[in-house]
Amino acid sequence: MLAILIALAVSLFVTLLGTPLLIRLLVAHQFGQFVRQDGPTSHFTKRGTPTMGGLIIILATVIGYGVALLVMGRGPSASALLLLFLMVGTGFVGFLDDFAKIRHRQSLGLTPILKIIGQGAVGIIFAVLVLQFRDRNNRPPATMNISFIRDTGLTLAFAGGVVGIILFILWANFLITAWTNAVNLTDGLDGLATGASMIAFGAYTVITIWQSNQACQGVLGATPGCYQVRDPRDLSIICVAIMGACFGFLWWNTSPAQIFMGDTGSLALGGAFAGLSILTHTEVLAVLIGGLFVIEVCSDVLQVGFFKLTGRRVLRMAPLHHHFELKGWNEVTVVVRFWVIEALLMGGGIGLFYTEWLAQQ
């Protein structure tokens, strides 16, 4: 518990105190946001606001985890290093996207194919490595089973190990691409994605702490309902570090935002969320925990699909938060109400997680 408190405090103060320094640095180099011309007119005032704020979120997370380990006097686990690799890797792809926007002085950065290639490269490395590094109980950080609240009987290795690995790589990359783009789409209003991420990673903090307390002591696990998850304690430290980093960053990112996380932050947070769903064996449950992100991306898919089929729009503008803006809702009102929705969905996810454990007793 001490390590968790240390990680929370350190990451919080790194973003709270470090973000103003990053703002000054970004302003000095004219690294400002470019706003899409077809967006709400109220967003035109945001043009030039420093972006790439995700850099400080990533840095704070790594520092928070590192300091917690130093105080506890132990080294990092394989699961934690893989999760940080995924977060930093997807964040780097986002950084390149942000840099391209600034360099070309427009709201479009990397081409979709380049972004997919970048995310795919990071995802393939993660997916291959996450099946290695077994602990003393012969548990790898992830398995080739599709998971709900824990691993189900549905395995991707049904046709043999090689086919299973290929299918797992595809499955992991689908999750990574889906979650990074979902968080990226949600990052359209001041503080929206930051606050929603803080809530979602707060849920995973609770889940990983519970998994650590109820961990199986062997492969078979003598305790009913125990979890075959590798390194849940380290995962909880990273979860709380991300939560603290988002909390501190929110001070500067709330309306009117003095800095945006950019694709650097949204892709990093989405990648970390996808990685956690894989490492904690909660891939389907994550859809409820990160429900707001799912709603946002589904609204965008619905808008595009319906328009292609009928030539008409379901929403005034997609994703969903822009629809309510154009209906006349104040930006802060939209953000706070969407946070409430995410909190309710997160609560439902934790409730379902705990109910499943009770059913095992």
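Key figures for this structure:
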| read-out | value |
| --- | --- |
| Odd one out for Ile278, checked against (1) outside any helix (DSSP H, G or I); (2) of a type in the set (A, V, I, L, M); (3) in contact with a strand residue (DSSP E or B) (Cβ under 9 Å, 6 or more places away or on another chain) | (1) |
| Pair list, Cβ under 9 Å, 6 or more apart: the stretch 111-125 residue free of Cβ contacts under 8 Å to residues at least 60 places away in the same chain and surrounded by 15 or more Cβ atoms within 10 Å (Cβ to Cβ), other residue basic (Lys, Arg) and in a helix (DSSP H, G or I) | none |
| Flag if Gly275 is under 15 Å from the mean Cα position of the chain (by Cα), under 29 Å from Gly53 (Cβ atoms) and surrounded by fewer than 24 Cβ atoms within 10 Å (Cβ to Cβ) | no |
| Top-ranked residue of the stretch 4-25 - restricted to ones that are surrounded by fewer than 22 Cβ atoms within 10 Å (Cβ to Cβ) and among the small types (Gly, Ala, Ser), ranked as farthest from Pro50 (Cα to Cα) | Ala9 |
| Conditions (1) touching a residue at least 60 places away in the same chain (Cβ under 8 Å); (2) over 15 Å from Val183 (Cα atoms); (3) part of a helix (DSSP H, G or I); number of the one not met by Cys239 | (1) |
| Qualifying residue in the stretch 332-348 (condition: over 26 Å from Gly54 (Cβ atoms) and of a type in the set (A, V, I, L, M, F, W, C)) | yes |
| Filtered residue count, the stretch 184-209, keeping only those that are in a helix (DSSP H, G or I), in contact with a Pro (Cβ under 8 Å, 6 or more places away or on another chain) and not hydroxyl-bearing (Ser, Thr, Tyr) | 2 |
| Residues located in the stretch 145-200, provided they are crowded, with 22+ Cβ neighbours inside 10 Å and among the charged types (D, E, K, R) | Asp187, Asp190 |
| Number of positions in the stretch 15-66 that are under 22 Å from the mean Cα position of the chain (by Cα) and either at pLDDT 95 or above or among the hydrophobic types (A, V, I, L, M, F, W, C) (or both) | 20 |
| Failed item, numbered, when Thr264 is tested on (1) over 27 Å from Pro50 (Cα atoms); (2) polar (S, T, N, Q); (3) under 12 Å from the mean Cα position of the chain (by Cα) | (1) |
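Results for (1) at pLDDT 95 or above; (2) touching a Cys at 6+ places or on another chain (Cβ under 6 Å), shown as yes or no for each residue.
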site: Val122; (1), (2): yes, no
site: Ile125; (1), (2): yes, no
site: Leu154; (1), (2): no, no
site: Phe168; (1), (2): yes, no
site: Thr180; (1), (2): yes, no
site: Ile199; (1), (2): yes, no
site: Tyr204; (1), (2): yes, yes
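The values are calculated or read from the model by the stated rules, or taken from the named source; none is laboratory data. Just so it is clear, the model here is predicted, and its values are computed rather than measured. Don't worry about glycine lacking a Cβ; one is built from the backbone with ideal geometry, like all the others, and counts go over all protein chains shown.
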